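Notes follow the structure.
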Amino acid sequence: MTGHAPAKRPNQLFRNLNSKIASIPMILIAMGIFLGGSLWTILYSFTNSKLLPRLSFVGLDQYERLWSTSRWIISIQNLAIYGILSLIFSLVIGFLLAALMDQKIRFENAFRTIFLYPFALSFIVTGLVWQWILNPEFGIQGIVRSLGFENFTFDPLYNPDIVIYGILIAGLWQGTGLVMCLMLAGLRGIDEDIWKAARVDGIPMWRTYLFIVIPMMRPVFITTLVIIASGIVKVYDLVVAQTSGGPGNASEVPAKYVYDYMFQAQNLGQGFAASTMMLLTVAIIIIPWAYLEFGGKKRG
Amino acid sequence: MANISTLNTTGAGFDAVAADVSGPRGRRPKRVLSRRNIILYGVLSIAALYYLLPLYVMVVTSLKGMPEIRMGNIFSPPMEITFEPWVKAWAEACTGLNCDGLSRGFWNSVQILVPSVVVSIFVASVSGYSLANWRFKGSELFFSILIIGAFIPYQVMIYPVVIALRELGVYGTLTGLVIVHTIFGMPILTLLFRNYFASLPVELFKAARIDGAGFWQIYLRIMLPMSLPIFVVAMILQVTGIWNDFLFGVVFTRPDTYPMTVQLNNIVNSVQGVKEYNVNMAATLLTGAIPLIVYFVSGRLFVRGIAAGAVKG
Amino acid sequence: MTNSVSIRDLSLSFGAVNVLRNLDLEVRDGEFLVLLGSSGCGKSTLLNCIAGLLEPTDGQIFIKGKNVTWEEPKDRGIGMVFQSYALYPQMTVEKNLSFGLRVAGVPKDDIDRRIARASEILQIEPLLKRKPAELSGGQRQRVAIGRALVRDVDVFLFDEPLSNLDAKLRSELRVEIKRLHHSLKNTMIYVTHDQIEALTLADRIAIMKSGVIQQLDDPMTIYNRPVNLFVAGFIGSPSMNFLHGELVEEGGKTVFKTHGVSFSLDGYEAANPLVAGRKVVLGLRPEHIHVDSDVPGIEKHEAVVDLEEPMGADNLLWLKHAGHTMSVRIGGARRYAPATRLQLSFDMELASLFDAETEERI
C-alpha cells in the first residue's frame with residue numbers, strides 16, 4: 001500500500017496502443033501522401049525531369065517556361081472566367097432556389113430530388129449530355145433554326161471565343177443543386193423567431209432576407225464558397241468529356257495541362273510546376289478562410 | 001363561406017359593442033391561385049424543367065434510330081422506339097480494338113467499386129473512431145493535415161502515389177486502385193465518422209471501458225451497431241464517388257481494366273467512324289444509372305451525406 | 001476499519017488548468033460518500049480518476065489497499081452509474097447487464113446466476129428482454145445500477161445519477177439508492193451538485209471547490225459547523241445570512257457589532273480566542289433566528305418586515321436589520337404583513353463566525 005511506483009508503469013509509447021495501430025493508415029496518408037507527396041512534387045518542380053523524375057535542379061526554369069506557354073495562359077484565363085462566373089451564378093441561383101424552397105411549399109421533396117440529381121452524375125456523363133444538347137446541328141441551335149430563325153447562332157462548343165461558357169452551363173447544371181441544398185440547410189438553421197419578429201415589425205420578406213438572413217448565414221456562404229472554389233480548381237473530367245480542350249486549345253484548364261504533361265507529353269518537370277501553381281491557387285483561397293474559421297476559435 | 005359564418009354568429013349572443021360580429025372570424029380564406037403562389041411555383045417549375053431537360057434528352061435520343069435523329073430535333077419524343085442503341089452500347093460499341101461494348105467497363109467498375117468501398121470505409125471508420133474516443137498525442141495534428149489534404153488538388157499528389165504504387169508492385173492493378181480510392185476518400189470519410197462517433201454520448205464509451213471492453217470490442221460491439229445510418233451515408237458517398245471517378249481510372253488502370261467512365265469517354269469521343277448519337281446517349285445513361293439509382297433510392301440520406309460532408313468540411 | 005478508497009496527493013491538470021490540486025481523501029469501507037460542488041469544481045474529474053477513465057498528472061489511488069493508479073478501469077473493482085445511464089441502446093436489458101461478464105469470459109451459468117440475483121434485488125426481472133428505449137427513466141436507472149451489481153464490485157461510483165429525472169422520480173430513486181446501500185453495504189462514491197441529495201444520502205460529504213476539498217464531514221456537522229464561508233454559503237436553502245462587522249469589547253465581553261448594533265456571542269463555541277478589533281462575518285441560518293420568542297432573558301433585536309414569502313409549511317420573512325437584509329424561516333401559519341415591527345432573537349450555539357480575511361471559521 002506504500003510503494004510509490006508499481007513496476008508496471010505502462011510505457012507511454014504503448015498507451016492506447018490499439019488506437020495507434022488503427023491510426024497507422026491515417027498517419028501514413030496524412031504525412032506520407034498529403035504532406036510528403038506535395039513537398040515531393042514541389043521539390044521536383046525545380047528540376048528538369050522529363051520521362052522520369054531526376055534531381056537535377058534548374059531553378060525556376062520550369063515556371064518561366066510555363067508562364068511563356070500560351071496553352072497555360074489560356075488555361076489560367078479559362079479557369080478565372082469559369083471560376084468567377086461559376087461562383088457567382090451558383091451562389092445566386094442556389095440561394096434563390098433555396099429561398100423559394102423555404103416557403104413551406106408543397107412537393108418540396110420532389111423539387112429537391114430534381115434539383116439535386118445532376119450532382120449524383122459524373123462530370124463525364126454531364127459533359128457528354130451537354131455536348132449533345134449544344135451540338136449545333138441537332139441541338140438547341142438546330143431547333144431554333146428549324147423554327148425559322150435561320151441566322152440564330154448558339155454553338156459555344158465550336159466557337160473558341162465562348163467555349164468556356166458552354167462548359168460553364170454544364171458545370172452549373174451539375175453543381176447548383178448542391179449549393180441549393182447547403183443554402184437550404186443554412187436557411188433552416190435560422191431561428192424561427194427571427195421570422196416572427198420581422199413579421200411583427202412589418203419588415204417585407206425580401207428585406208428580411210437581404211439585411212437579416214443573409215448576414216446571419218455568413219458562415220454557410222463562406223463554407224459553400226470554399227467548397228465550390230476548391231472544386232473549380234480541380235475541374236478536369238468535365239472539359240475532357242465535353243470538348244477535350246478544344247476547339248484547338250481554347251477550353252484548356254490547368255488540371256488537364258498537368259495531366260497531359262505528366263502522362264502524355266512525358267515532361268514531368270512542366271507537370272510538377274503546373275500542379276504546384278494549382279496548389280498555390282488553392283492555398284490563396286484556403287489560407288485566409290482557415291485563418292478566419294479556425295484561427296479565431298483558438299483564441300476564443 | 002363568409003356569408004354563412006356571418007349568419008351563424010348573429011344568433012350566438014355576442015355583445016355587439018365588444019365584438020364586431022360581422023368582421024373577420026375564424027380561419028382566413030386561402031386562395032390557391034394567389035399571385036405569390038403563381039410566381040413561386042412558376043419559377044420552381046421552370047427551374048425543374050431546366051434540370052430535367054438533359055435527362056429527358058438522353059432518354060429520348062437513346063430510344064431513337066439514327067435516321068430519326070438526323071431528321072428531327074433532340075427534344076421530340078421518338079416516333080419509333082428502338083432498344084437497339086442500348087444493346088449496342090452495352091455489348092458492341094468499340095473502344096480502340098475492343099468491340100465488346102460498355103459491359104467490360106461496367107464489370108471493371110464493379111470490381112473496383114466493391115473492394116474500394118469496403119476498404120476505404122473500414123479504414124476511415126476505425127480512424128474516425130480512434131480520433132473521437134482514443135485520442136493520443138499528435139492524433140489531432142495528423143487529422144488536421146488529413147483535412148487540409150482534402151483541399152490539395154489531386155494533381156499535386158498523384159505522381160508520388162504512382163511512384164509509391166510502382167515501388168509496391170501494385171501500379172496498374174486492382175489493389176493499387178483500391179489503395180488510391182482509400183487514400184483520397186480518407187479526409188471526408190474520417191471527418192464524417194469522427195464527427196458521428198464524437199456525437200454519441202461519451203458515457204457509453206466510458207461504461208464499456210468499465211465493463212472491460214477494449215479498443216476493438218467497443219468498436220465492434222458498441223459503436224458499430226449504433227452507427228448503421230452513418231455507414232449507409234458513407235457508402236452512398238463512396239459508391240457514387242468511386243463510380244463517377246475518371247482521373248484515377250485514367251492514371252491508375254490499364255486499358256483492359258478501364259472503369260466505365262473512362263471507357264464511356266473513349267467510346268463517345270473516339271474520332272473514328274460515324275457518330276452514333278443514340279448509342280452514345282444509351283451508353284451515357286448506362287454509366288449514370290448506378291449513381292442515379294443510389295440517389296433515388298437513398299433520397300434523404302444522400303442529402304444528409306453531402307451536407308455532413310460539405311458543411312463541416 | 002480499513003479504508004476502501006484512498007487518494008493521496010492527487011493532481012490533474014489539462015494544460016495550464018489545474019482541475020485537481022494535491023487532493024487527499026480516505027473513503028471508509030461501506031461508506032456512502034458524496035462529492036458535492038457546483039459545476040467545474042472537479043468532482044466529476046475526481047470520480048473519473050477513481051474509475052480510471054482519466055489519468056492523474058500526479059498522485060496515487062488505492063482501492064482495497066491495492067495501488068490502482070495505473071490499472072485499467074476493469075481491473076479496479078469498481079462499477080459506475082452515469083447521468084445518462086449509458087445503457088447500450090442496441091442490447092436488451094439482459095445483454096446490457098451481462099456485457100462486462102461476457103467480455104471477461106465468465107461462464108454462461110455463472111452469468112445467468114448473477115443476473116438473476118441482481119435483477120431480483122433491483123426488481124427488474126420483467127424487463128430483462130426489453131431494450132433500453134422501452135424503459136422509463138427510473139427503470140433505466142435501475143438497470144444501470146444492475147450493471148455494476150452483476151460485476152460484483154467493491155466500490156460503486158455514481159456520476160450525478162438523478163440529474164436527468166423529474167423532481168418526483170428523483171426523490172423516489174433517492175430513497176431507493178439509500179435502501180440499496182443499506183442492504184448491499186458496498187462503498188459508494190456519489191457525485192452531485194444537489195445539496196438535498198447530498199444531505200439525505202451521505203454518511204459523509206466532501207464539498208469541493210476549484211479542485212480542492214473544502215470540508216469532509218458528516219452532513220449535520222457540515223450544516224451546523226461549516227469550516228469556511230464557502231461551505232457555509234453553499235449548503236442550505238435559502239442560504240445562510242451573512243452579517244459583516246467586527247468584534248468589539250463591550251461590558252467585559254466580546255460582542256459582534258455591525259452598523260452600530262451589537263450581537264451577544266453568548267453560547268458560541270469559538271475554536272480560536274475571540275480577539276476584539278478583528279473584522280468578521282457572522283453567519284446565521286434562517287431557521288436559527290426566532291421571531292417574537294417568549295423565552296425570557298435572551299437578547300432581543302427589533303426589526304422591520306420587508307417582504308413575506310409563504311411556502312406552505314414554512315413562511316420566509318425578509319427583514320431589514322442592522323444594515324443587512326436577512327431571511328428568517330418561521331412556521332407557515334405565522335403571517336406578518338410588510339412594515340410590521342417584530343422582535344428577533346438568535347441561536348448563537350448554532351451560529352458561525354468567520355474571519356473576514358481568511359474566510360475560515362473562528
Hey, what's the per residue convex hull volume over the C-alpha atoms of the range B:235-310, in cubic angstrom? 109 Å³
State the volume of the convex hull built on the alpha-carbon positions of the range A:145-216, expressed per residue in Å³ and rounded to an integer. 173 Å³
Once amide H atoms are placed 1.01 Å from N in the peptide plane, what residues at a sequence separation of 5 or more from C:Ser11, or on another chain, have their amide H within under 5 Å of its amide H? C:Asn22, C:Leu23, C:Thr57, C:Asp58, C:Gly59
Please report, in debye to the nearest 20, how large the charge dipole of the protein assembly as shown is about its Cα centre when each Lys and Arg carries +1 at its beta carbon and each Asp and Glu carries -1 there. 1720 debye
Where nothing but the Cβ of Lys and Arg (+1) and of Asp and Glu (-1) is charged, how large is the charge dipole of chain A around its Cα centre, in debye to the nearest 20? 1420 debye
Pseudo-spin-label distance A:Leu210 to A:Thr153, built 7 Å along Cα→Cβ, given in nm, is 3.8 nm
Projecting each Cα onto the charge dipole of the protein assembly as shown (Lys/Arg +1, Asp/Glu -1 at the beta carbon, about the Cα centre), which of B:Pro201, A:Leu100, A:Ile169 comes out farthest on the positive side? A:Ile169
Output the relative contact order of the range C:1-133, whole-number percent, from Cα pairs under 8 angstrom with separation of 6+ residues. 21 percent
How large is log10 I(q)/I(0) at q = 0.10, 0.12 Å⁻¹ when the Debye formula is applied to the Cα atoms of the range B:181-313, each weighted equally and without solvent? -0.49, -0.64
Of the listed pairs A:Lys20/B:Lys206; C:Lys64/C:Lys178; B:Lys206/C:Lys95; A:Lys20/C:Lys129; C:Lys74/C:Lys108; A:Lys256/B:Lys88, which have alpha-carbon separations greater than 27 Å here? A:Lys20/C:Lys129; A:Lys256/B:Lys88
Taking +1 at the Cβ of each Lys and Arg and -1 at the Cβ of each Asp and Glu, which of B:Ser144, C:Gln141, A:Val226 sits farthest along the dipole of the protein assembly as shown towards its positive end, judged by Cα position relative to the Cα centre? A:Val226
Assuming a viscosity of 1.002 mPa s and a temperature of 20 °C, what translational diffusion coefficient in µm² per second does Stokes-Einstein assign to the protein assembly as shown, Rh being the Kirkwood radius over Cα pairs? 62 µm²/s
Whole-Hz Karplus couplings 3J(HN,Hα) for the range B:44-58, θ = phi - 60° and coefficients 6.51, -1.76, 1.60, Gly and Pro as x, run 4, 5, 5, 4, 4, 4, 4, 6, 7, 3, x, 5, 4, 4, 4
Dipole magnitude of the range B:57-147 about its Cα centre (Cβ charges: Lys, Arg +1; Asp, Glu -1), debye to nearest 20: 380 debye
What is the spin-label model distance, in nm, from C:Asp152 to A:Gln266 if the labels are put 7 Å beyond Cα along the C-beta direction? 7.6 nm
Rg/Rh ratio calculated on Cα atoms of chain A (Kirkwood radius): 1.10
At what distance in nm do the modelled label points of B:Arg35 and C:Ala333 sit from each other, each positioned 7 Å from its Cα along Cα→Cβ? 7.5 nm
All lysines inside 23 Å of A:Lys104 as judged from Cα atoms, apart from same-chain residues fewer than 8 positions distant: A:Lys196, B:Lys30
Averaged across orientations, what area in nm² does the convex hull of the alpha carbons in the range C:63-119 project? 5.2 nm²
Residues of the range C:137-159 with the amide nitrogen closer than 16 Å to a label point 7 Å from the Cα of C:Thr200, along Cα-to-Cβ, please. C:138
Taking 8 Å as the Cα distance limit and 6 or more residues as the minimum spacing, I'd like the relative contact order of the range C:3-234 as a percentage. 28 percent
Nonlocal amide H pairs with C:Gln83, under 5 Å, H built at 1.01 Å: C:Asp159
For chain A, what is the relative contact order in percent, using Cα pairs closer than 8 Å and at least 6 residues apart in sequence? 27 percent
Specify the residue with the greatest mean-square fluctuation among A:Leu51, A:Leu238, A:Leu187, computed from a Gaussian network of chain A linking alpha-carbon atoms under 10 Å apart. A:Leu51
Quickly estimate the mean residue ellipticity at 222 nm for chain B, helices only: each DSSP H run with n ≥ 4 gives -39500 (n - 2.57), and the total goes over all residues, rounded to 500. -22000 deg cm²/dmol
Can you give me the orientation-averaged projected area of the convex hull built on the Cα atoms of chain B, in nm²? 29.4 nm²
What list of ³J(HN,Hα) values in whole Hz, one per residue of the range A:195-200 in order, does the Karplus curve 6.51 cos²θ - 1.76 cosθ + 1.60 (θ = phi - 60°) give from phi, with Gly and Pro shown as x? 5, 4, 4, 5, 5, 5
For the range C:3-234, the charge dipole (Cβ of Lys, Arg +1; Cβ of Asp, Glu -1; about the Cα centre) points to a positive end, and the Cα of C:Gly105, C:Leu54, C:Cys41 closest to that extreme belongs to C:Gly105
Hey, which of these cross-link pairs are over 20 Å Cα-Cα: C:Lys257/C:Lys279; B:Lys137/C:Lys43; C:Lys253/C:Lys300; C:Lys43/C:Lys185? B:Lys137/C:Lys43; C:Lys43/C:Lys185
Listed by chain and number, the residues whose amide H is under 5 Å from that of B:Thr95, excluding neighbours fewer than 5 places away on the same chain and using placed H, are B:Asp100, B:Gly101
Spatial separation of Cα centroids for the range B:49-67 and the range B:106-174, in angstrom: 38 Å
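Every number here is computed from the coordinates shown, using simple stated rules; none is lab data. Only a predicted model underlies this, so the values are computations on that prediction, with no experimental measurement involved. Note that each Cβ is placed from the backbone with ideal geometry, even for glycine, and that neighbours are counted across all protein chains shown.
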